[in-house]
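Report on the structure given below.
The values are calculated or read from the model by the stated rules, or taken from the named source; none is laboratory data. What you see is a predicted model, and the numbers here were worked out from it, not measured in a lab. As a convention, Cβ positions derive from the backbone with ideal geometry for all residues, glycine included, and neighbour counts pool all protein chains shown. We work out accessible area using only protein heavy atoms, side chains counted, and drop any ligands, DNA or RNA first. Shrake-Rupley method; radii C 1.70, N 1.55, O 1.52, S 1.80 Å.
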Amino acid sequence: MILDSTFIHDVLRGDDAAINRLAELRDESDPVALSSLTVFEVGVGLRGESARYREQFGEVVDDLVVLPVTDTTARQAISIQHELLDRGERIGARDVLIAGTAVGTPDPRVLTRNVDEFARVDDLEAESY
């Protein structure tokens, strides 16, 4: 399962549902991961008042598998976006790269608050918490 940026934001801000779901996932045998793009996206936002979450963010990231955005990931994201564009259902560039990362794993699920966007992607299961 891939954790989306919205989920990581909620964990950092102490959302009980997100924290409890992360604890459940850590107890399961399937690996919990996030895209390096999520590390970037969340990390860039941790400035100003949100800078107080930087240390906690580092601890969360260090405890998870971080999957790189590779050429294969990018090509998968291109294919996904082309399919979505053909249907008139484009999603954001970061989200399609996260979807491309998830679709290329043995567990093509994304845990997100943004279910509507990820649910458009074939071969991907979008879950909320």
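Counting only DSSP H runs of at least 4 residues, each contributing -39500 (n - 2.57), and dividing by the residue count of the chain, the helix-based mean residue ellipticity at 222 nm comes to -16000 deg cm²/dmol. Heavy-atom accessible surface of the chain, averaged per residue, reaches 54 Å², computed with a 1.4 Å probe.
Share of carbon and sulfur in the accessible area of the chain stands at 47%, probe radius 1.4 Å. Projecting label points 7 angstrom from Cα along Cα→Cβ for Phe40 and Asp62 puts them 2.4 nm apart.
Taking every C-alpha pair closer than 8 Å and separated by at least 6 residues, the mean separation divided by the residue count of the chain gives a relative contact order of 29 percent.
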